[in-house]
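Novice: Handing you a structure now.
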Amino acid sequence: MQQLYCDTCKKFLADRLLEGSCPFEGCNYDSARGDQCENCGKLLNPTELKDPRCKVCRTTPRVRQTDHLFIELPSLKDKLEEYINETSVNGSWSQNAIHTTNAWLREGLKQRCITRDLKWGVPVPHEKYKDKVFYVWFDAPIGYVSITSCYTSEWEKWWKNPENVELYQFMGKDNVPFHTVMFPSTQLGTGESWTLMKTISVTEYLNYEGGKFSKSKGVGVFGNDVKDTDIPVEVWRYYLLTSRPEVSDTSFSWEDLQAKLNGELVSSLGNFVNRVLSFIARPENAGYGSVIPDAPGAESHHLTMLLAEKVGNLVEEYVEAMEKVKLKQGLKTAMLLSGEGNRYLQENQFWKLYREDKPSCAVVIRTAAGLVHLLAQLLEPFMPSFSREVFKQLNLPPHFSLSEQRGDVLAASRPWEIMPPSHMIGTPQPLFKKMKDEEVQQYKEKFAGSQADRCARDAAAHRGARRREARTRRDAEASGARDAEAEENLLEQLRRERLAYEERRRVRWELNGYHLPTYAVEQSIQRSCTEPETPSQTIQIDGWPPETSLFSRRRHFTASTSSV
């Protein structure tokens with residue numbers, strides 16, 4: 001076969017190192033990769049690209065002849081179509097997965113190359129092809145099996161047991177053909193009884209602030225960025241799942257995250273849980289002394305029975321959505337329960353009932369407490385740390401799963417029976433904190449541009465920190481041992497800032513496929529700790545009285561150099 005070779009780099013180009021214009025009419029995306037166009041989603045052969053170029057040196061590669069191995073997809077057509085037609089229905093495949101797979105079938109199955117002329121990868125176990133490696137998307141799904149075999153010698157109980165094992169897979173839309181066509185064909189081609197994928201849940205693209213997320217270009221917020229924010233993990237989980245692009249592309253924005261946190265998590269969910277538990281925790285004569293009240297006569301309480309019917313229906317909808325892997329719908333349905341709970345409390349005006357009709361108030365509060373328990377169960381797949389905290393405040397061991405065998409789904413329609421009477425709850429605490437407008441603006445500025453831009457900003461901040469440290473040392477020498485403890489605390493803070501910068505730099509190098517040697521980081525830190533910068537490298541600040549304390553100097557410096 002023919003493959004593109006870069007004379008400047010002196011190697012055949014891996015798909016990720018090859019870029020050009022998409023050859024398909026109506027697309028013509030000018031940054032398509034060597035194996036796939038991320039704009040239209042179609043798979044490509046490298047030689048099909050128009051105006052190809054090497055991403056390393058930007059020169060035009062030439063075509064060279066080379067031998068490779070192929071998978072004979074056309075000979076597996078009948079078996080593959082039978083599998084797809086049956087499983088896509090029984091397994092409730094998402095519509096975008098069905099659409100992409102059927103498009104492949106309509107265009108006709110072709111031989112697909114499964115080897116590459118690369119040094120890195122899984123070597124081909126054949127003498128003739130010993131200098132080649134397997135194509136990553138032929139090899140990677142096989143890794144699902146091999147990693148299971150590394151975990152247990154009984155891996156065949158999972159991967160060769162189609163009667164008793166159901167395989168669910170989750171991915172972005174650009175990886176669909178490798179899992180609905182390529183990998184099943186590999187399994188079917190062996191003639192052995194493999195566990196084939198039953199259900200696939202595919203997402204469209206999540207965009208970032210009106211543009212595209214791009215790991216290669218460093219545009220967006222990634223795991224190493226998330227850990228640098230003060231936003232709790234359950235907030236990230238909730239927001240990303242409510243924005244999950246199951247049907248069409250969705251967009252991440254900091255204002256939208258703020259709106260969902262403040263409006264849905266704080267004002268609805270967190271407010272409901274805290275209202276109920278805080279009222280129960282009030283001392284007697286103002287509440288229930290942290291004890292769940294008994295609730296005789298709940299079935300004759302009109303508003304409670306109306307709530308019970310709604311809750312039962314919502315739980316059934318939740319179970320159906322989760323069984324079909326409609327995660328976004330499942331989360332939305334679960335959150336409707338907190339809205340119903342708040343409405344139930346308002347309609348009953350429980351604070352008045354406590355003074356005027358204590359038996360009715362006990363029904364309302366025990367029912368609401370049962371709803372809190374139910375919410376913790378339903379939301380655990382989405383926000384596990386939230387659910388664990390709620391069970392802690394309920395003073396109960398975690399109980400997450402809903403089992404029809406245990407009657408959990410049926411019990412949801414009788415919420416006043418979920419929490420046992422006379423049970424003592426724990427200490428209620430607020431579950432979420434609002435995000436202020438100033439915080440939103442800070443995050444937008446901090447994560448604006450690409451990671452290269454952020455590296456440059458971090459480097460500038462790092463240089464500023466070193467200048468401050470050098471000035472601090474000189475001031476300390478001039479003033480002797482005055483404020484020794486304050487000086488040491490300030491120096492330690494500056495060292496931590498520098499260490500954090502070096503760690504971010506190392507993580508970003510690795511994200512872009514490079515490795516920053518540990519000794520380079522250590523030498524950088526050691527050098528900056530032992531070699532103060534020369535006066536010509538520092539910023540001279542006028543009007544700084546020599547008798548000013550180190551703390552007031554630091555405040556003055558920060559205020560005076562905000563635009564540096």
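The values are calculated or read from the model by the stated rules, or taken from the named source; none is laboratory data. Worth saying up front: this structure is predicted, and the values here are computed from it rather than measured. Ideal geometry is used to build each Cβ from the backbone, glycine not excepted, and the neighbour counts take in all protein chains shown. All accessible areas refer to the heavy atoms of the entire protein, side chains included, with ligands and DNA or RNA removed. Shrake-Rupley method; radii C 1.70, N 1.55, O 1.52, S 1.80 Å.
Novice: Every residue in the range 93-138 that is acidic (Asp, Glu) and either in contact (Cβ under 8 Å) with a residue 24 or more places away in the chain or open to solvent by less than 30 Å² (accessible area, probe 1.4 Å) (or both), please.
Specialist: Answer for the range 93-138, where residues must be acidic (Asp, Glu) and either in contact (Cβ under 8 Å) with a residue 24 or more places away in the chain or open to solvent by less than 30 Å² (accessible area, probe 1.4 Å) (or both): just ASP117.
Novice: Shifting gears a bit: Kindly indicate the residue of the range 393-447 that is assigned to a helix (DSSP H, G or I) and acidic (Asp, Glu) and also surrounded by the most Cβ atoms within 10 Å (Cβ to Cβ) among those meeting that condition.
Specialist: By that ranking, first place goes to ASP408.
Novice: I'd like the residue in the range 84-119 that is farther than 27 Å from LEU13 by Cα and among the hydrophobic types (A, V, I, L, M, F, W, C) and, out of all such residues, is farthest from the chain's Cα centre (by Cα).
Specialist: LEU105
Novice: Is it the case, given these coordinates, that SER387 is assigned to a helix (DSSP H, G or I) and either at pLDDT below 95 or polar (S, T, N, Q) (or both)?
Specialist: So SER387 fits the description; yes.
Novice: Moving on. Please find, among SER75, SER88, the residue that is surrounded by 14 or more Cβ atoms within 10 Å (Cβ to Cβ), at pLDDT 90 or above and among the small types (Gly, Ala, Ser).
Specialist: Residue meeting the stated conditions: SER88.
Novice: On to the next question. Out of curiosity, is VAL247 open to solvent by 40 Å² or more (accessible area, probe 1.4 Å), on the phi < 0 side of the Ramachandran plot and β-branched (Val, Ile, Thr)?
Specialist: yes
Novice: Ok, one more. Can you go through LYS198, LYS119, LYS128, LYS157 and tell me which one is of a type in the set (Lys, Arg) and part of a strand (DSSP E or B)?
Specialist: Exactly one of LYS198, LYS119, LYS128, LYS157 is of a type in the set (Lys, Arg) and part of a strand (DSSP E or B), namely LYS198.
Novice: Still on this structure: At least 2 residues that are farther than 27 Å from TYR208 by Cα in each: list the helices (runs of 4 or more DSSP H) lying fully within the range 239-345 that qualify.
Specialist: In the range 239-345, the matching helices (runs of 4 or more DSSP H) lie at 271-281, 302-323.
Novice: Of everything in the range 41-67, what is touching a Gly at 6+ places or on another chain (Cβ under 6 Å) and either open to solvent by less than 30 Å² (accessible area, probe 1.4 Å) or at positive phi (or both)? Give them in sequence order.
Specialist: Within the range 41-67, PRO46, LEU49, ASP51, PRO52 meet the criteria.
Novice: Shifting gears a bit: How about the range 139-193: which of its residues are under 30 Å from CYS40 (Cα atoms), among the hydroxyl-bearing types (Ser, Thr, Tyr) and surrounded by 13 or more Cβ atoms within 10 Å (Cβ to Cβ)?
Specialist: TYR144, THR180, SER185, THR186
Novice: Only one of these is surrounded by fewer than 18 Cβ atoms within 10 Å (Cβ to Cβ) and touching an Asp or Glu at 6+ places or on another chain (Cβ under 7 Å): LYS310, LYS332. Name it.
Specialist: LYS310
Novice: Can I ask one more? Pairs under 7 Å by beta carbon, first residue closer than 28 Å to THR250 by Cα in the range 172-192, partner at pLDDT below 95 and part of a loop (DSSP other than H, G, I, E, B), six or more apart or different chains?
Specialist: Close Cβ pairs satisfying both conditions: LYS173/GLY41; LYS173/GLU204; ASP174/GLU38; ASP174/GLY41.
Novice: Okay, moving on. Output the residues belonging to the range 201-234 that are assigned to a loop (DSSP other than H, G, I, E, B), among the aliphatic types (A, V, I, L, M) and in contact with a strand residue (DSSP E or B) (Cβ under 9 Å, 6 or more places away or on another chain).
Specialist: VAL221
Novice: Something else now. List pairs: first residue in the range 365-391 and more than 19 Å from ARG343 (Cβ to Cβ), second residue polar (S, T, N, Q) and part of a helix (DSSP H, G or I) anywhere in the structure, Cβ distance under 6 angstrom, at least six positions apart or on different chains.
Specialist: ALA376/SER387; GLU380/SER387
Novice: Condition check: touching a Leu at 6+ places or on another chain (Cβ under 8 Å) and open to solvent by 60 Å² or more (accessible area, probe 1.4 Å). Does ARG16 satisfy that?
Specialist: Answer is no for this residue.
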